[in-house]
Amino acid sequence: MRNKISIIGAGFVGATAAHWCAVKELGDVVLVDVVEGMPQGKALDLLEAGPVENYDLHIVGSNNYQDTAGSDIVVVTAGLPRKPGMTREDLVVTNGNIIREVMENVVRHSPDAIVILVTNPLDTMVYLAKKVSGLPRERIIGQAGVLDSARMRAFMAMELDVSVENTHAFVLGGHGDEMVPLPRYSTVAGIPITELLPPDRIEAIVERTRKGGGEIVSLLKKGSAFFAPSAATMQMVEAILKDRKQILPCCVYLEGEYGLNDICFGVPVKLGSRGVEQIMEITLTDDERAAMHRSADLIRSSMAALEV
Ligand code: TXD
């Protein structure tokens, strides 16, 4: 039997996620949106690319959650993106209302699914989704760290003129301007960049990573990034569906890890068929730990606008 992947929100990130899903043949896809006809049109268009790209999948668009019933994975991208000048936190109330409605429907029709949230402000939306759905923390995961680490890897590869394949990066913490890129744990061919680059070049990479989302928002002028965010999300989906036990930075509900409680936050986790199979606690310097806590404070201030 093929896996069933539902994607809620058929906008830029959702539709591009469906595209990666089809190209990688991860499973059948259901694209859901509130706009009538749009998810159906995008799904049909993607289905019609199958004969050219050689994938045999069911791909349907819908405005009805009944079509998502029994999904193995649900990816939630429904919500507004940022406009130039907006922070991710500016979206909390509008997207919070959307996430409440979406999660009720998701859980009703796919109570056993693993849910991956993408909607911003990411960490706050994962927290809200966890609270309203009652899902165990293993099955409700936010995508941010894979994207932020991919951005850092791209900048490292550009700086050192090496293959992106040689790079590894860890960006932890919240998905905001206070995210925590960790140069000591970011490597090229296994060598920490702290041994390869002078401090000012590392700082420039860290800063560009932190502002990576904003850089694209200001270039696009309308909407936000979607190729890399959807690719990052699909890496998580693939790790789960293929039980890869892959260690990736993901946003999960913390119960004391890293000295943090009752917050959803980006930390390294092991992803496999049960969802989050382990939360890895890596050692941090005092400065790194302080940066994690500053990032958590920013998330808590955005959480304060939620009524949960
Ligand atoms: O790394 C990350 N986590 C992110 C997050 C990276 C990039 C984008 N990030 C956030 O994802 C962004 O700030 C937004 O909150 C979401 C979706 O971004 P996208 O670029 O895909 O936005 P679009 O193109 O506007 O698509 C959103 C769709 C749109 O088609 C709406 O009609 C739909 O969401 N929508 C809904 N679908 C279902 N149900 C409800 N209630 C609903 N409301 C809106």
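Observations
- On full extension, the segment bounded by Met38 and Ala305 gains 93.0 nm, given 0.36 nm per residue less the C-alpha separation.
- Under 19 Å from Lys221, Cα to Cα: lysines that are on another chain or at least 8 residues apart: Lys83, Lys211
- Sorted into 10 angstrom bins from 0, the C-alpha pair distances of the chain split as 6, 29, 36, 22, 6, 0 percent.
- Cα-Cα separations in the stretch 60-170 greater than 21 Å, expressed as whole percent: 46 percent
- At full extension, Glu101 and Glu215 could sit 38.0 nm farther apart than now, given 0.36 nm per residue minus the alpha carbon distance.
- Annotation: amide H-H contacts under 5 Å for Ile247 (H modelled 1.01 Å from N, sequence separation of 5 or more, or interchain): Leu271.
- Compared with the dominant Cα axis of the chain, that is its longest principal axis, helix 227-241 is turned about 80°.
- Fraction of the pair-distance distribution of the stretch 4-142 above 18 Å, Cα-Cα pairs, percent: 52 percent
- Cα-based equivalent ellipsoid, the stretch 145-303: semi-axes from gyration tensor eigenvalues, Å: 22, 19, 18
- Cα-based helix-to-principal-axis angle, 286-303 vs the chain, degrees rounded to 10: 40 degrees
- When each of the peptides 62-72, 29-39 is scored by how many other beta carbons lie within 10 Å of its residues on average, the order from highest to lowest is 29-39, 62-72.
- Among His19, His58, the order by Cβ neighbours within 10 angstrom, fewest to most, reads His58, His19.
- Counting only alpha carbon atoms, the long axis of helix 145-160 and the longest principal axis of the chain meet at about 50°.
- Violating pairs (Cα-Cα greater than 23 angstrom) within the set Lys242/Lys270; Lys4/Lys245; Lys4/Lys242; Lys42/Lys222: none
- The stretch 233-301 and the stretch 168-206 have Cα centres lying 17 Å from one another.
- A cut-off of 5 Å between modelled amide H atoms, ignoring neighbours fewer than 5 places along the same chain, links Ser110 with Gly70.
Read-outs: derived from the displayed coordinates by stated rules, not from any lab. This one's a predicted model, so the numbers in the text were calculated from it and none came from an experiment. FYI the Cβ positions are ideal-geometry reconstructions off the backbone, even for glycines, and counts take in every protein chain you see.
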